[in-house]
Each structure stands twice: as structure tokens, then as C-alpha cells.
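Quick notes on the structure that follows.
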Amino acid sequence: MSKIAEDPVLDPTIALPFPAAALPALRDPQLRKNVAHAIDVIQEKRGKLVVEKSDWQALRVSAAAIRTHALENLGSYLEQFEARCTAAGGHVHWASDAGEARQLILEILRKEGADEVIKIKTMTSAEIQLNPFLEAAGLSVYETDLAEIILQLGHQEPSHIVVPALHINRSQVREIFAQSMNRPDLPDDPQALTAAAREYLRRKFLQVPAAISGANFLIAETGGVVIVESEGNGRMCLTLPRTLITLAGIEKVLPCFNDLEVMLQVLARSATGERMNPYTSLWSGVTPGDGPQNFHVVLLDNGRSSILEKAKERQTLRCIRCGACMNACPVYRQTGGHAYGSVYPGPIGAILTPQLMQMRHAQSLPYASSLCGACYDVCPVKINIPEILIDLRAQVVDQERRSLGKFFDPLYLGLRIAALLFSRARLFHLAQKFGRIAAGLFTKRDGWIHSMPSVGGKWTQTRDLRGLPNQTFREWWQTREADRRRGR
Amino acid sequence: MRTSQSGRDRVLDRIRAATATIARDGADGRSAYVDLPREYINRGNLSHAAKVALLIERLREYNAEVSECTPSTLTDAIHHKLAASNRRRFVAPPGLPSAWMVPGFDWKIDDELSYEQIEGVDGVVTGSFCAVADSGTIALHHSPIEGRRVLTLLPDWHLCIVYTSQVVETLPEYFARVEKLPTLVTWISGPSATADIEMTRIKGVHGPRHLNVILVQD
Amino acid sequence: MRASLFITCYNDTLFPETGRAVVSLLERLGVTLDFHSQQTCCGQMHANTGFRAEAFSQAKRLVHLYADAENVVIPSSSCVAMIRDQFPGLFEDLGSETLRREFSALLPRIHELSEFLVDKLGVEDVGAYFPHRVTYHASCHGLRAIHLGDRPFRLLSKVRGLDLAPLPNLDRCCGFGGTFSVKNAEVSSAMLSVKLQDVFSTKAEYCTALDNSCLMHLGGAMHRQYAGMKTIHMALILASTESTPMEAFQ
């Protein structure tokens, strides 16, 4: 079994910082292969569809504009959603934080007398750690997405927001199912494994009285909720039970039904490389004779309003959870999702997680990026992730630079000294000369540095550094100019 | 104990405070909505025949089985499809034309059937609201001819009748067709599928594993 | 044509031969070059690590320094990206209206090396001779931030004797990322090893780029591994002729 099964912690308040958290993944060739394979499949499909879509950039512009507009008018659109949903027979609740949301959901389920609940995959429910809470309260919680079942039965954590079990290969799935479904006969063929999952869930769909879903979008104009999926378990959960609870981040709202003409075109292509995913469902409130007659929406803040406040960072909330950024990310490709210590991994996780925590946790995540910009290129709602990463780094530094501990951190010290040197050319030249002498101490006979202490040692772990030349460019130029003046 | 109302106030207050500094022209910031950029393609330029051909191609890419007919040969086409399925028991939405319930098969008309009863049928036949050629999408608005949602969910085999006059090329054209905002929609773009295991696309997890379409040239 | 050379802090200190090659190349093409001795750094390292105030000071200094330059040529895409992408935000938040005006006036006169050659001088054939198999690495800043596009390829395609081997997965980051290379050294190394697989697969003798930052990272590993390949900034290739081969600059 993949070593990643050993305790990845997706709680930003206690997770290891990214550099340390990434180490087990980097040393796991199977994981890196699984992740690269999954990414390559989606990327290739997505790439073909984007080339084919001649108005792709125009769609991105519109998607970004629609989401920005919704966020800038969030209060009134949410109120409109609430009014329409309620008029259609739904109940809308508002939760400030994870604790309130969990409590609200439990109360609704208790009132319905439900001691079992089926779930459609929702990262928001993982964000608020809903499953352990409900289980501790004595309820049985059944995930119904194939990937989520794999994770639930295998006691593992998601590592991607669209394909959460992409770090697990077929023989690993076979092992999980064979054990937990008591099917030692199962082959590792994906077809057979999928059929086993279908059988396992069928009874649950027909009998469990309550379901919990997330929401891809909320439609203010109609009080509608939109769920985008592939397997059909979503349709099962939101059609068959008596009670349906939809947990949705407050940022999910779109102004009008017609805005889906943009969002649906960009979402499927970005998330799974399809023109349209197999099933998309929309429902408003309660329809007599069709589907759950008891419908609740729990709107979740949990730090989102604090992001909304910041003009530069507000764009983070445009996210439609497509996962394209992590598929494009060269860092994610090597580390997978668990290294990010959050249910939101990859580039979006690196900016969303610390902000949801109001910069009190996950401060290593804004640095978990080489700022290559691949994420920004693919984001369907044009979130300038590199720009936000840099801004969050500035926030982290502003927090940290006041602390005495960080004063003597070699990198901080080095950067402060460098700033001083860059402020005066004379100082910089002097530093260059001293640097040459100091570097000379580490320079080997081949003219290269093979090993350095402290921060430098992080470089020389895997790379040599060419020794400092005995003449800087400016020294060469000055000599040349002097020679010319002397007429040589 | 914090009430739901106070939760609402807290969240809305924070949201309002967070967005208070955004410049607005006019009292209702929502008037900015009409000025949002929409330079994307809002209608296609394929001929009717090409559009229908594209729809068929896209449906088949997702392994839906597609056949064509004319209005006068529709019942024959339905008969052909049902016979080829090797299935006997079918459920029909209450608004399905009686002519479509071709003889030689067991028909149950949905009148508050239980889930167990629907589980017991072999397939379902419905109409549709619209089909989008570009993505091979069929839109069900769950009118009487389309039936409530469980009818196209539990049975393993679904036959959907689409008139070519219901076919549009692009997704925005579908939205342009919608006159009354729907409260229930299911957009279907092929049979259920998953790619969660090693990205291998497996057809048919939950939801009908077999999607059949008859395109009626009207 | 007159131009002022902004050599960049790291080229000045670590890769002076790149500067020498740029001088030789541009003077050969008839450009009159000057070099402001007061120059130090554009502030990128500080900006990207979160030291905004320090980055602002350096940015301001740079703008003042080049206020009167006809053209500023910079042999580093990442520094040009810093100026174009981050100076505006820094000046918006921390600068004065005067500074913002000065910057707006300066901005059109900032050129990365390949931009200067292709767009400003209008040349693709710079008269270079470099009889080696070479692969070109597209740095992320060059690719995505300042959109160099096919300029590097147009220049390389005209170099006599050069055998250009295309690099697979050209748009994938090499893992340098500035301080990322030490703050996340292990991840950086993992990305590096994956990148090197692609680079070595080209069987080139040289891996070139328009940024010594990436080349320092790639070349440092090549050297550590005794790989039969070296890195070389494109300025050295373009400056090389039959009479002044690249060794002349080293």
C-alpha cells in the first residue's frame, strides 16, 4: 500500500509545513507515477477541447466577470437566492463557521429521525470535517462517489478536488474493496471494481432517508442548486431520499440561470476534459411528487467573508473547484495533494487555505510554488494565483518579521542584508568582493562549489554552484572603459 | 444558543461590510450585470443537417445508441429499439403519447409508482426538452412527457425521443430557448461514467448504463 | 541606436560572461551601449519572498536610474517580468504619483534581450556561428509572463552550424523558482530531475535559455552528475562567430 496511507493530515491547524509534508510523496515513485498519469490524461483531453473552442478566451473573460460581479454583490444575490429557494419550499440556513454548520446539519438530521445519511462528494463537507462529527453523534455516513468510497473504505484522505483518489492505482483499489466489501474474488480490473461499487451502493440509495450534497452553483434568480457529476450517484442522492441537505459556500452563487451557459462550458472542459460531464442536475426548492420533500440549504461562511473584504484577494473566491490549476501545476505533479495539508490542495489550495485560516495557519503554502504561472493560464475564471501567492507571502513576512525568532533566521537575515546592499552601489560592490573571497573558501579545484553551509546547503544538496568569477561584469566594463579612455 | 436568524445576520453583516467599499453606480449594483462582457459564441452556424449530424456524432462518442426516423416511422423505430434491447418491461411518464407505447411489451405508466416498482422495470421511454449538438447533451425539464426524475434514473436502459426541431448547436442557444425558468432540469451527456480508477473511463456506475436516442426528422 | 545595459545583480556577480557576450553582440550590431555603474537589483528576490517594502526601494531606484535611457536592455526574462508585472502594484501601493508617471514613461523602453534584437533592431540573423547541438529551455517568465513567443527560436534558427533539438514538455517549469529552490529544495530537486530527463533526451551538447537563473539550477545538477551536457546563456551563442567563439567571452 502506498506510504501516503500513513497519516497525511488534512487539517491546516496541525499539518506539517509543506516542505516537510512533501517528503513522503517525493520518495514514493508509485504515487508520483499515479499522479502524473492522472494529470496527463486530463491535461491531454482538456488541451484538445480548448484548441477546438475558438471562443475559449472570451468564455474565460465572461466567467471571470460573472463571478466577480456575483462576489461584489454577494449579499443581495444570496438574499435573492434565499427568497426564491424558500418560496419554492426550501429552508435556508446560514452558518458563520464550521462548528455552526455541523451543528445545523446534525439538528436537521435528528429532526428527521435519520440515523443514516448518503453523501455526494463535497469538499466543503470535508472542509468542515462533517463526517467524523456526524459519526461521533451516532450516525452512519456513506460516501457514494466511487473515489470517495475508495477513500472512506481505505481510510485515506483525498488528494485532488475532482479526482480525489488519483493517487491510488487499481491494485490498491482492489485490495481496499476486497477487504471492506468482503470480496476476495475481485479482480483488479476497473470495470469489475466499479461494478462492485455499484452493487454495494444500490440498496443504500433506495433506503437511506437523508442525503447531503454540496453545490457547484447556486442560482440567485431561481433559488436553484446545480450539481455537476459523472457517475449518477449525485442524481441518486438528490432524487431518492426524503430529506436533502445542501451545504454550500457563500461564494457559490451566480446571478442568473443563463449564466450557466458560460459556467458549464468552462467547468467540464477544465475539470475532466469533456465538453459536458454526463449528468448535471438543477433543482429549486421542493417539487411535489418529485424528489426530496424536505430540502435544506446550509450557507457556509467559515472565513470566506474575510477574503471577500480584500480587494486583491477577493478573486480567490471566484474559484469553481474545477481542479485545472492542480493538473497544470509542476509542483503538485511531484507531490500530489496530501503535502498541502488541506482538503484544498494545489495552487488554489495554496491561496485559499491560508486565507480561510485568516493567515493564522498554513503559512508555508504560499511558498509551495515556483511561481511558474501555469495555473493562471488554465484557470477558467482567471484567478491570478501567482499574484495572490506573492501577496500572501508579503502578509506572512509582515507577520513573521516582527518575531525575534525569525530575526536570526538565515534567510530573513540574508534578505535584509541584501536589501541594504542593493540600496547603495558602493555597498553592493564591496559585498561582491567579499562574496568572492568567502565563496573562494568553498570553491573546489574544478572551480565549482560542491557544498555550502546553512541555506546554501539546501542548494548544494543536489546541485553544484559555479564559483564566483574573479571579475564581475561591472569590473570588466570599468576596465574596458578605462582602457578606451587611455586610447587602447 | 445561537439562533438561525442571528447566524444569518452575522454572515450577511460581514458580507455587507466586506463589499461596502466597492464603487457602485446607482443604488443597485446589479445594474452592472447587463454590462458584463459576453463576447463568446452565442449561436452556431452549422446547417440544420450538419447540426443533427454533429449531435449524432457526439452522442455516439459517449456510447449512446442513436437512430433516425421520420414522424410517420417513429413507432416502428421505437418498436425496433425496444425489440433490439431484449427487454420487456418499460415504464412511461404519464404524458407519453400512447402511440409510443408500442405493443409487444409490458408498459407501466408512472402514477406514483414506488421505487421498488421502478427498480423492477427494464427500461424507460421519454421525450425531451432540447438537445445541444456541440456537447451531445439532452436536456430534460421533467414535464409530463419526460417524467419525474426517478424514472430516468433507476432503470438501466433509457430511450429518449428527440425531434430535430428541438436540436440546437450551442449551449447558449439552449438557454435562449428556455422561456419559463425551470425548477427541475437534468442535462444528460451520455451514460454515467467514472474515471476515478487510474483515469480509465468505465461506463455505467449508477444511472442508466444504456442511453438510446431516436432522432425524429420533423 | 543607443541602449543602456541593466546587467542584473546575479549576472553581474555570477555570470559576467553573459554580460560580455551581450556587449559584443549588440556592439557588433551597431548599438552604442552604456552601463550605469549605480545599478544593483530590480527587487524581484525581495518581492517574491514577501519583502515588499525592500522590493519597492529597489524598484524606485531602478526607475530613477534609467529615467533618461533611450532603451534599457536586460538579459533576463524574470527581471523584465518583475518590472512589467510587479512594479505597477508596488508603485500603486507605496509610490507617489510622480513615480508612477516616471515609470509609465520608462516602461516602453524596457526590453528583454531577444525582444530588443527582434522587435527593436529588427534582426533575426545576428551573424552568429555555433556548431553544436543545442536545446532551448523556455523559462516560465519568458514564456508566460512576458510572452517571448517564438523570438528565441527565430534567433536560434539563424545561427549557422547550430543543430536545434526540440525540448519535450517545453512549457513545464524546471523547478528553480528563486528562493523556492532552497525553501522547498526537495520539491525543487524533484522537478529538476524530471526536467533533466527531458533535457537529456534531446542528446544536445548545450542547454540554452534566456535566463541564467534556470540555467544555474539545470547546469548545477548537470555538473554534479558529471552529465555530458552544459548550460549556456543564449547571449553567448548569439555572440559567437567564427572569429570570436564562445570561449572568447569566458
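The values are calculated or read from the model by the stated rules, or taken from the named source; none is laboratory data. Worth saying up front: this structure is predicted, and the values here are computed from it rather than measured. Don't worry about glycine lacking a Cβ; one is built from the backbone with ideal geometry, like all the others, and counts go over all protein chains shown.
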ask   = Limited to segment A:470-488, what total is found for residues that are in contact (Cβ under 8 Å) with a residue 12 or more places away in the chain and at the interface with chain C (Cβ under 7 Å from one of its Cβ atoms)?
value = 2
query = Do the conditions hold for residue C:121, that is, is it more than 14 Å from chain A (Cβ to nearest Cβ) and modelled with pLDDT of 95 or more?
reply = yes
query = Taking segment A:40-56, which residues are hydrophobic (A, V, I, L, M, F, W, C) and either loosely packed, with under 15 Cβ neighbours inside 10 Å or modelled with pLDDT of 95 or more (or both)?
reply = A:49, A:50, A:51, A:56
request  = Being β-branched (Val, Ile, Thr) and at pLDDT below 95 is the filter here, so list the residues in segment A:446-481 that pass it.
outcome  = A:455
task = Answer yes or no as to whether residue C:166 is farther than 28 Å from residue A:44 by Cα, without any contact (Cβ under 8 Å) to a residue 40 or more places away in the chain and not β-branched (Val, Ile, Thr).
result = no
task = Would you mind listing the helices (runs of 4 or more DSSP H) fully within segment C:132-237 where at least 2 residues are charged (D, E, K, R) and away from chain A (no Cβ under 14 Å)?
result = C:151-157
inquiry  = Which numbered condition in (1) in contact with a His (Cβ under 6 Å, 6 or more places away or on another chain); (2) without any contact (Cβ under 8 Å) to a residue 60 or more places away in the chain is the only one that residue C:209 fails?
reply    = (2)
Strands (runs of 3 or more DSSP E) wholly inside segment C:24-130 containing at least 2 residues that are more than 26 Å from residue A:417 (Cα to Cα) and of a type outside the set (A, V, I, L, M) = C:32-34, C:110-112
ask   = Of (1) within 14 Å of another protein chain (Cβ to nearest Cβ); (2) at pLDDT 95 or above, residue B:4 satisfies all except one. Which?
value = (2)
task = For residues that are in contact (Cβ under 8 Å) with a residue 24 or more places away in the chain and facing chain A (nearest Cβ under 7 Å), scanning just segment C:13-38, find the one that is farthest from the chain's Cα centre (by Cα).
result = C:38
query = Taking segment A:137-189, which residues are part of a helix (DSSP H, G or I), touching a helix residue (DSSP H, G or I) at 6+ places or on another chain (Cβ under 6 Å) and crowded, with 20+ Cβ neighbours inside 10 Å?
reply = A:146, A:149, A:150, A:173, A:176, A:177
inquiry  = Against the definition (part of a helix (DSSP H, G or I), more than 24 Å from residue A:160 (Cβ to Cβ) and among the aliphatic types (A, V, I, L, M)), how does residue A:83 come out, yes or no?
reply    = yes
note = From the option list A:45, A:121, single residue qualifying as in contact with a helix residue (DSSP H, G or I) (Cβ under 8 Å, 6 or more places away or on another chain), in the same structural domain as residue A:165 (by TED's automatic domain parsing) and part of a loop (DSSP other than H, G, I, E, B) is A:121
ask   = For segment A:379-391, which residues satisfy the criterion of being crowded, with 22+ Cβ neighbours inside 10 Å and either farther than 15 Å from residue C:47 by Cβ or in contact (Cβ under 8 Å) with a residue 60 or more places away in the chain (or both)?
value = A:379, A:380, A:381, A:383, A:385, A:388
ask   = Can you name every residue in segment C:211-248 that is of a type in the set (Ser, Thr, Tyr) and at pLDDT below 95?
value = C:243, C:244
